[in-house]
2 protein chains.
Amino acid sequence: MSSLSTPDYETVEQASRRLAGVAHRTPVLTSTTLNRYLGAELYFKCENFQKAGAFKYRGATHAVGRLSGKDNSKGVATHSSGNHGQAISLAAKGNGLPAHIVMPDNAPRVKVSAVRDYEANIIFCKPTQSERERVLASVVENTGAKFIHPYDDPDVIAGQGTAALELLEDYPDLDFMLTPVGGGGLLSGTAIAASGMAPNVNIIGSEPEAVNDAYLSFRSGNLHPAQKRDTVADGLKTSLSELTFACIQQHVDEIMTVTEQEIVEAMRFIWERMKIIIEPSSAVPVAVAFNHLDMRNKRAGIIISGGNLDLDTLPWQN
Amino acid sequence: MSSLSTPDYETVEQASRRLAGVAHRTPVLTSTTLNRYLGAELYFKCENFQKAGAFKYRGATHAVGRLSGKDNSKGVATHSSGNHGQAISLAAKGNGLPAHIVMPDNAPRVKVSAVRDYEANIIFCKPTQSERERVLASVVENTGAKFIHPYDDPDVIAGQGTAALELLEDYPDLDFMLTPVGGGGLLSGTAIAASGMAPNVNIIGSEPEAVNDAYLSFRSGNLHPAQKRDTVADGLKTSLSELTFACIQQHVDEIMTVTEQEIVEAMRFIWERMKIIIEPSSAVPVAVAFNHLDMRNKRAGIIISGGNLDLDTLPWQN
């Protein structure tokens with residue numbers, strides 16, 4: 001078990017009150033065509049419209065805001081090649097704190113420039129996990145900044161759960177709620193929110209088959225490490241932590257996997273039909289709903305996790 | 001002068017009542033980042049979320065719905081390589097009428113398949129204006145279907161004006177209202193709506209420099225034909241009709257032009273920052289606001305005309 005205590009529904013509710021007016025209450029979109037096609041009602045909670053382009057801003061700004069005065073004077077630090085780095089940078093800026101972001105030197109140009117736009121201090125490192133951790137440790141030591149983990153943190157998880165809380169306030173009687181699962185912060189927060197508001201909704205984590213460590217962990221009861229394989233849904237390569245694994249074991253009903261082709265097809269369908277930009281990770285739960293669940297006459301909420309990707313190379317063009 | 005009478009504000013108001021519950025009342029989106037960057041308030045009326053993916057559905061379904069019982073039994077027909085064909089197909093389907101769409105045989109696959117999805121009868125022709133008109137005439141003669149012009153039609157213009165009417169209901173005190181201008185249906189309808197609701201708002205038509213026939217017509221007072229030049233905003237290659245030119249002369253304040261590069265940059269900015277898919281034509285008024293107007297401390301409404309384009313080849317990839 002983790003040494004961190006698993007957050008409960010009260011903590012998500014508190015986070016929601018703290019984030020009012022700080023994070024966007026994102027819109028919920030639907031598609032008539034899609035609903036007719038599936039014979040279902042799908043509700044898309046559009047975190048691609050969240051500040052910094054992803055749900056990560058909720059957890060990041062909640063965790064940064066929760067630092068007490070003494071803890072925060074030296075700012076915050078993290079390592080990230082993607083959305084968490086942007087979210088921490090913007091959250092720190094909003095709180096008037098310095099942010100130090102360790103980024104692999106092969107990070108997409110668009111993500112580096114977003115972090116730079118939010119005025120964070122960027123420290124580049126070699127693109128391996130061990131180098132990221134080593135460089136971050138030295139940054140923390142040199143600056144005194146507080147490390148904010150992308151998901152192994154109860155305040156982050158509680159923040160991520162506020163998207164599901166808002167969706168359930170708008171649509172309380174869902175049959176399914178689907179999210180992607182990478183490190184498990186969004187899935188944990190979502191499941192905890194639902195446990196208090198809609199205990200009968202089926203909570204389904206959605207993962208690429210290529211990196212199915214959360215699926216294997218959930219099935220076996222033992223935490224599996226991340227596989228070092230590639231997937232178009234590059235935000236979902238990380239493994240669960242003990243904390244998120246404990247939340248998921250307690251509150252999640254199922255983890256389902258999809259192929260790379262299913263992910264790309266679902267992503268393109270949403271772009272073409274709904275005219276919104278979603279990143280590949282966000283298409284993973286959509287692909288589950290399209291291909292692996294009997295949705296007929298069901299109502300499902302899907303958390304669209306984000307819309308940050310490099311527009312120069314789209315996955316269907318590879 | 002046109003033999004058709006120019007529609008007035010009352011006709012737009014009537015169209016709005018007829019379209020309630022038929023066309024989507026599309027959302028109005030804003031971007032904090034963009035507003036900070038321009039020192040302005042921009043309100044995007046998102047017709048890319050309209051049925052069939054563009055404002056064209058408003059005019060099409062209004063015109064189809066206005067056919068009396070006698071006129072409509074043989075269905076409707078038009079020629080189109082793009083949004084108008086999709087809009088007429090869906091409008092006819094909604095009214096239980098057959099639709100015959102003449103399309104050039106080089107039309108993008110995605111547009112052909114959308115028209116096919118709406119169960120219209122597609123007749124392919126060689127990709128020239130004269131062939132399109134010749135084939136359409138023979139279709140109309142053979143089927144008895146009623147031709148619905150994409151913009152040279154008071155019912156179509158009144159329908160297009162309902163987007164601006166909704167935007168002005170939500171935000172009555174705008175300084176500017178911008179739309180793209182191709183055939184002039186959207187610009188005419190917008191200007192007529194504003195003439196009744198907000199006569200002091202500056203109405204600005206936005207056109208690619210490469211096909212600036214509306215600009216030349218507006219400046220000279222004489223209707224210029226479409227230039228046979230290319231532009232990334234392929235929906236804007238058509239010329240004004242006498243009817244739309246009369247509306248524009250009466251109600252529009254200015255027509256402004258932008259370069260191809262300004263269009264592509266504005267389009268990419270909206271995709272990256274707002275996470276919505278807009279077609280190149282929709283980026284034309286955005287490019288005017290970014291580059292050619294002093295927006296500081298102003299409030300502007302922009303009609304985002306549509307989100308239909310081929311996702312295999314994006315303009316910044318050429």
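Can you tell me the length gained on complete extension of the stretch B:Asn142 to B:Lys74, counting 0.36 nm per residue apart and subtracting the Cα distance?
Values: separation 68, 0.36 × 68 = 24.48 nm, distance 1.02 nm.
Additional length available on full extension: 23.5 nm.
Averaged over its residues, how many other protein chain Cβ atoms are within 10 Å of peptide B:268-278's Cβ atoms?
On the way: counts 2, 0, 1, 3, 10, 3, 6, 16, 7, 7, 1.
Counting Cβ atoms of other protein chains within 10 Å of each residue's Cβ and averaging gives 5.
Taking only C-alpha pairs under 8 Å that are 6+ residues apart, what is the relative contact order of region A:110-259 in percent?
Values: 223 pairs, mean separation 33.4, N = 150.
It rounds to 22 percent for region A:110-259.
Explain nothing, just compute: Karplus ³J(HN,Hα) = 6.51 cos²θ - 1.76 cosθ + 1.60, θ = phi - 60°, for every residue of region A:268-282 in order, whole Hz, x for Gly and Pro.
Working through the residues one at a time gives 5, 4, 5, 4, 6, 8, 9, 6, 10, 8, 10, 7, x, 4, 5 Hz.
Could you tell me whether region A:57-147 comes out rounded, prolate or oblate from its Cα gyration tensor? Rule is a ≥ b ≥ c as square roots of the eigenvalues, rounded for a/c under 1.5, then prolate if a/b exceeds b/c, otherwise oblate.
Numbers: a/c = 2.02, a/b = 1.30, b/c = 1.55.
Cα axes put region A:57-147 in the oblate bin.
Report, for B:Asn297, each distance to the same residue's label point in the other copies, shortest first and in nm; define the point 7 Å along Cα→Cβ.
In ascending order, 6.2 nm.
What list do you get for B:Cys46, A:Cys247, B:Cys125 if you sort them by fewest beta carbons within 10 Å?
Numbers: B:Cys46 24, A:Cys247 29, B:Cys125 20.
Taking fewest neighbouring Cβ atoms as first place, the list is B:Cys125, B:Cys46, A:Cys247.
What whole-number distance in Å separates the alpha-carbon centres of region A:200-242 and region B:105-167?
48
Please list 3J(HN,Hα) in residue order for region A:178-184, calculated via the Karplus relation 6.51 cos²θ - 1.76 cosθ + 1.60 where θ = phi - 60°; whole Hz, with x for glycine and proline.
10, 9, x, 9, x, x, x
Only four residue types carry charge here, +1 at the Cβ of Lys and Arg and -1 at the Cβ of Asp and Glu. Report the dipole size of region B:184-318 about the Cα centre in Debye, rounded to the nearest 20. Don't jump to the answer; show the numbers that get you there.
On the way: 10 positive and 16 negative charges, 80 e Å.
My answer is approximately 380 debye.
So how do A:Thr231, A:Thr33 line up by other beta-carbon neighbours within 10 Å, fewest first?
Numbers: A:Thr231 22, A:Thr33 13.
Lowest to highest Cβ neighbour count: A:Thr33, A:Thr231.
Please arrange B:Phe124, B:Phe49, B:Phe55 by counting, for each residue, the other beta carbons lying within 10 Å of its beta carbon, fewest first.
B:Phe124, B:Phe49, B:Phe55
Where does helix B:154-170 land angle-wise versus the long Cα axis of chain B, in degrees 0 to 90, nearest 10?
Roughly 30 degrees, rounded to the nearest 10.
Taking the Cα centre of chain A as the origin and placing charges on Cβ (Lys, Arg +1; Asp, Glu -1), which of A:Gly221, A:Phe290, A:Leu311 is farthest toward the positive end of the dipole?
Toward the positive end, the furthest listed residue is A:Leu311.
Would you tally the net charge around A:Lys126, using a Cβ to Cβ cut-off of less than 9 Å, leaving A:Lys126 out, and scoring K and R as +1, D and E as -1?
Working: positive: A:Arg132; negative: A:Asp105, A:Glu131.
Spelling it out: positives minus negatives among the neighbours equals -1.
Could you tell me whether region B:171-318 comes out rounded, prolate or oblate from its Cα gyration tensor? Rule is a ≥ b ≥ c as square roots of the eigenvalues, rounded for a/c under 1.5, then prolate if a/b exceeds b/c, otherwise oblate.
Working: a/c = 1.86, a/b = 1.18, b/c = 1.58.
Here region B:171-318 falls in the oblate category.
Quick one: what are the phi-derived ³J(HN,Hα) couplings along region B:101-109, Karplus 6.51/-1.76/1.60 with θ = phi - 60°, whole Hz, x for glycine and proline?
10, 8, 10, x, 6, 9, 5, x, 3
Nm distances between the label at A:Thr33 and the same-position labels in the remaining copies, 7 Å along Cα→Cβ, shortest first?
2.7
So if we plug the beta-carbon distance of B:Arg109 and B:His24 into 1/(1 + (r/R0)^6) with R0 = 41 Å, what FRET efficiency do we get, rounded to 0.05? Working shown, then result.
Numbers: r = 25 Å, r/R0 = 0.62.
Approximately 0.95, to the nearest 0.05.
If amide hydrogens are placed 1.01 Å from N in the peptide plane, which non-local residues have theirs closer than 5 Å to the one on A:Ile122?
A:Ile101
Given Cβ point charges of +1 (Lys, Arg) and -1 (Asp, Glu) and nothing else, what value in debye, to the nearest 20, does the dipole of chain B about its Cα centre take? Could the numbers behind the result be given before it?
Working: 29 positive and 36 negative charges, 150 e Å.
Approximately 720 debye in magnitude.
What net charge do the residues around B:Lys45 carry, taking every other residue with its C-beta under 12 Å from that of B:Lys45, with Lys and Arg at +1 and Asp and Glu at -1? Let's see the in-between values first.
On the way: positive: B:Arg25, B:Arg58; negative: B:Glu47, B:Glu166, B:Glu169, B:Asp170.
Around B:Lys45, the charge tally is -2.
At a threshold of 8 angstrom on Cα-Cα distance, excluding pairs fewer than six apart, so keeping six or more, what relative contact order does chain A reach in percent? Kindly include the intermediate steps, with their values, before the conclusion.
Numbers: 701 pairs, mean separation 71.7, N = 318.
Answer for chain A is 23 percent.
Where nothing but the Cβ of Lys and Arg (+1) and of Asp and Glu (-1) is charged, how large is the charge dipole of the protein assembly as shown around its Cα centre, in debye to the nearest 20?
Details: 58 positive and 72 negative charges, 13 e Å.
With Lys and Arg at +1 and Asp and Glu at -1, about 60 debye.
Using only the alpha-carbon atoms, how far is helix A:242-251 inclined from the longest principal axis of chain A? Give it as 0 to 90 degrees, nearest 10.
30
Inter-copy label distances at B:Asp117, 7 Å along the Cα→beta-carbon direction, one decimal in nm, shortest first?
Result for B:Asp117, in nm, nearest copy first: 3.0.
Need one value for B:305-317: mean number of C-beta atoms belonging to other chains within 10 Å of its residues' C-beta atoms. Don't jump to the answer; show the numbers that get you there.
Numbers: counts 0, 1, 6, 2, 2, 1, 6, 4, 1, 4, 0, 2, 5.
That average works out to 3.
Taken together, the values in this text are just the output of simple stated rules run on the coordinates, not laboratory data. In this text, all values refer to a predicted model and were calculated from it rather than measured experimentally. Quick reminder, even Gly has a Cβ in these numbers, built from the backbone with ideal geometry, and neighbours come from all protein chains shown.
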